Amino acid sequence: MIPSTSSADKEHNSPSFELEHLREGCRLPVRMSTGEYREAEILSIKYDREAGENKYYVHYVDCNRRLDEWVGPTHLRLSQVTFAFRGGKNHRANASVISEASSRASSPDVLPQKKRRRIGRAPVVQPSDCLEALKIDESSLDSVSNMAPPSPGAMSTASASAAPSLRGSMTAHGHSEDALTRIRNIEEIQLGRWCMQPWYFSPYPQELVTTQQCIYLCEFCLRYHKSPATLKRHVEKCRYNHPPGNEIYRKGIHSFFEIDGRKNKAYSQNLCLLAKLFLDHKTLYYDTDPFLFYVLTEQDEIGFHIVGYFSKEKESAEEYNVACILVLPPYQKKGYGRLLIEFSYELSKIEKKTGSPEKPLSDLGLLSYRSYWSQTIVEKLLDYRQEDRDANGLVTITINDLAEETSIRKEDIMSTLQQLNLYKYFKGQYVLVLSEELVKSHQQRLKKPILRIDPQAIKWTPKDWSRKRI
Ligand code: ACO
Ligand code: ZN
C-alpha cells in the first residue's frame with residue numbers, strides 16, 4: 001500500500017507500488033520494443049476496455065518524442081517509481097515487494113534515438129596523410145567569425161539556441177508542455193496507397209480525432225475525411241491529380257510544384273496539418289499567407305504523388321531559405337531529403353542569395369543538413385584542386401567564394417569545415433586539408449546512385465515580395 005500523506009507536496013516513501021499508485025507525471029523504467037528498460041515519464045493513463053486494463057502513454061526520457069507510446073502494465077518496472085510533486089522535484093522510491101512483470105513484446109516501428117544515429121567524428125588527419133591542401137584566405141575567415149573556427153558542438157548549440165521566428169505556418173516554439181498536445185492524437189492516416197503511423201500530435205478537428213482510429217486524406221488536395229466511404233465520394237469529384245500551383249521543375253518522374261500560401265490557403269493548411277504529424281518542434285499556425293510551399297512529387301499513370309515538401313517565407317528577415325522540411329515516412333532514407341535540400345539551395349542560387357534552414361533543426365533535420373553541407377563543400381573543394389597553386393602548392397580560396405558558389409550560409413560552411421576536421425594550421429596560416437580518407441569516402445559515395453537536381457530543369461524566376469501584397 002502507498003502510505004497515506006496529508007499533503008500532495010509530501011514525499012511518498014513506500015517500499016512497494018502497485019499499478020493503482022501510478023499517476024501522470026510518475027517516472028519509472030519502461031521496457032521498450034528492443035527489450036531494453038529506459039526511464040520514462042507517464043504522460044497519460046486510460047482504461048482499455050477491450051484489454052480490461054489500463055494503458056500508459058509514456059515518454060522515454062532523453063529520447064525523441066516519436067518514440068512515445070501506449071504500453072500495457074507488463075512493460076512497467078514498478079520497483080523503481082519516481083513521483084512528481086507540485087514543487088517540481090521528483091522523488092525516487094524503490095519498492096522491493098513487486099517483482100518485474102512477465103514480458104510481453106510490443107512492436108513500435110522505430111528504434112531508440114541513440115541507436116538510430118550514425119554521427120561519427122571525422123578522423124584526425126596527420127599532415128603526412130595529406131593529399132592536397134587548400135589555403136584559406138584569412139581575411140575571409142575574419143569576416144565570418146573573428147578567425148575562430150566554431151567548436152565541434154557549435155552547430156547544434158547554435159541551432160538549439162537560435163531565436164525562434166515570430167511568424168510562420170509552423171513557428172519554432174520548442175516543445176509544447178500542454179498535456180494535450182504532448183500526446184499523439186491520431187493512430188493512423190491513409191494517404192493514397194500508404195498507411196502511416198503519425199509520430200506527433202497535430203491539431204486535426206477534434207470530432208475526427210476522438211471518434212476515429214484512422215483518418216483518410218485525399219492524396220492530391222490533402223482534404224481529410226473520417227471514413228473510406230466519404231473519401232471515395234470525394235475522390236470521385238476531386239479535380240486534382242497533382243498539387244495546386246505551378247510545376248516549376250520536372251526531371252524524369254520527379255516534379256516540384258510551387259504553391260502560394262495565400263492563393264491556395266486550404267491546400268497549404270492541410271499540408272501543414274499533415275506535416276505536423278511528423279514535426280515535433282514546430283507549433284502550427286493557420287496563417288500560411290507569408291509562405292511558399294515547394295512540394296516534391298513522383299509521377300505515375302494516376303498522377304503526381306506527394307513525397308515531401310519544404311516551406312519558405314516569401315520574405316525572411318533572417319534569410320532562411322527553408323522554414324519546414326519533410327519527407328513522408330514511406331519515402332524517407334532514400335535520398336529525397338537531400339533532393340529537397342539541394343532544390344532549396346538551387347532556388348537561393350537563382351536568387352543570388354545565401355540561405356540557411358530555420359532553427360531549431362530536428363535531430364533528423366540536423367543529420368540531413370550536415371550530410372548535404374559536407375558533401376557539397378567537399379565536392380567544391382575537390383573542384384578547386386584543379387586551380388592555380390602558389391609557391392607552397394596551395395590554392396587560395398575564401399569562405400565567401402564557397403558561400404557564393406553553393407549558396408550555403410558562411411556560418412554553416414565554417415561549422416561543416418570544423419566538423420569534417422579540415423582546418424589545419426600550416427606555416428603560420430589556416431589551410432584546409434583534404435585527407436586521402438575523406439576523398440576516398442567521397443568518391444565511394446558517388447558510386448551509389450544519388451538523386452540530384454538538374455538546375456537546367458528549373459523553370460522559376462524569383463519574385464520581389466517586398467513590392468507585392470503577401
Ligand atoms: N537515421 C540516420 N541517418 C539518417 C536518418 C535516420 N533516420 N534519416 C536521414 N539520415 C541521413 C542519411 O543517412 C543521409 O546521410 P548520408 O547521405 O550521409 O548517408 C542524410 O541524412 C539524408 O538522407 P535522406 O534519405 O536524403 O533523408 P530523408 O529523405 O529521410 O529526409 C528528413 C530527411 C527530411 C529530415 C526526414 O527525416 C523527415 O522528414 N523527418 C521528419 C521531419 C523533420 O524532422 N524535418 C526536419 C525538421 S528541421 C526544419 O524543418 C528546418
Ligand atoms: Zn482531393
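The values are calculated or read from the model by the stated rules, or taken from the named source; none is laboratory data. This is a predicted model, so every value here is computed, not measured. Cβ sites come from the backbone with ideal geometry, for glycine too, and all protein chains shown count toward neighbours.
Quick notes on this one:
- Residue match in region 373-385 (condition: at pLDDT 95 or above, within 16 Å of the chain's Cα centre (by Cα) and within 10 Å of ligand 1 (Cβ to nearest atom)): no
- Contact map, region 230-259: first residue over 16 Å from S311 (Cβ atoms) and modelled with pLDDT of 95 or more, second residue within 14 Å of ligand 2 (Cβ to nearest atom) and β-branched (V, I, T), Cβ cut-off under 8 Å, separation 6 or more or different chains; pairs are N241/I302.
- Out of I413, I350, one residue alone is under 21 Å from the mean Cα position of the chain (by Cα), part of a helix (DSSP H, G or I), away from ligand 1 (no atom under 16 Å from the Cβ) and under 30 Å from S316 (Cβ atoms). It is I413.
- Candidate set: region 197-226, residues that are polar (S, T, N, Q) and surrounded by fewer than 15 Cβ atoms within 10 Å (Cβ to Cβ); chosen: the one farthest from ligand 1 (Cβ to nearest atom): T211
Each row is one residue, and each column tells you yes or no for (1) assigned to a strand (DSSP E or B); (2) modelled with pLDDT under 90; (3) of a type in the set (K, R).
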site: A163; (1), (2), (3): no, yes, no
site: G168; (1), (2), (3): no, yes, no
site: T171; (1), (2), (3): yes, yes, no
site: H175; (1), (2), (3): no, yes, no
site: I186; (1), (2), (3): no, no, no
site: I189; (1), (2), (3): yes, no, no
site: C195; (1), (2), (3): yes, no, no
site: S202; (1), (2), (3): no, no, no
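- Every residue from region 47-72 that is of a type in the set (D, E) and either within 16 Å of the chain's Cα centre (by Cα) or assigned to a loop (DSSP other than H, G, I, E, B) (or both): E50, D62, D68
- Top-ranked residue in region 294-347 [being within 16 Å of ligand 2 (Cβ to nearest atom) and not aliphatic (A, V, I, L, M); ranked as farthest from the chain's Cα centre (by Cα)]: G303
- Filter pass, L339 being in contact (Cβ under 8 Å) with a residue 60 or more places away in the chain, over 24 Å from T297 (Cβ atoms) and hydrophobic (A, V, I, L, M, F, W, C): no
- Candidates K276, K263, K237, filtered to the one that is within 16 Å of ligand 2 (Cβ to nearest atom) and of a type in the set (D, E, K, R): K237
- Residue check for K312: buried (at least 19 other Cβ atoms within 10 Å of the Cβ) and in contact with a Phe, Trp or Tyr (Cβ under 9 Å, 6 or more places away or on another chain): yes
- Yes/no for E405 being in contact with a helix residue (DSSP H, G or I) (Cβ under 7 Å, 6 or more places away or on another chain), surrounded by fewer than 16 Cβ atoms within 10 Å (Cβ to Cβ) and either within 30 Å of K463 (Cβ to Cβ) or at pLDDT 95 or above (or both): yes
- Residue that is nearest to ligand 1 (Cβ to nearest atom), among those in region 233-253 that are of a type in the set (K, R) and more than 14 Å from V295 (Cβ to Cβ): K251
- Odd one out for D401, checked against (1) part of a loop (DSSP other than H, G, I, E, B); (2) charged (D, E, K, R); (3) away from ligand 1 (no atom under 16 Å from the Cβ): (1)
- Residues within region 205-232 that are over 15 Å from W194 (Cα atoms) and away from ligand 2 (no atom under 11 Å from the Cβ), tallied: 14
- Failed item, numbered, when K334 is tested on (1) near ligand 1 (Cβ under 8 Å from one of its atoms); (2) at pLDDT 95 or above; (3) crowded, with 18+ Cβ neighbours inside 10 Å: (3)
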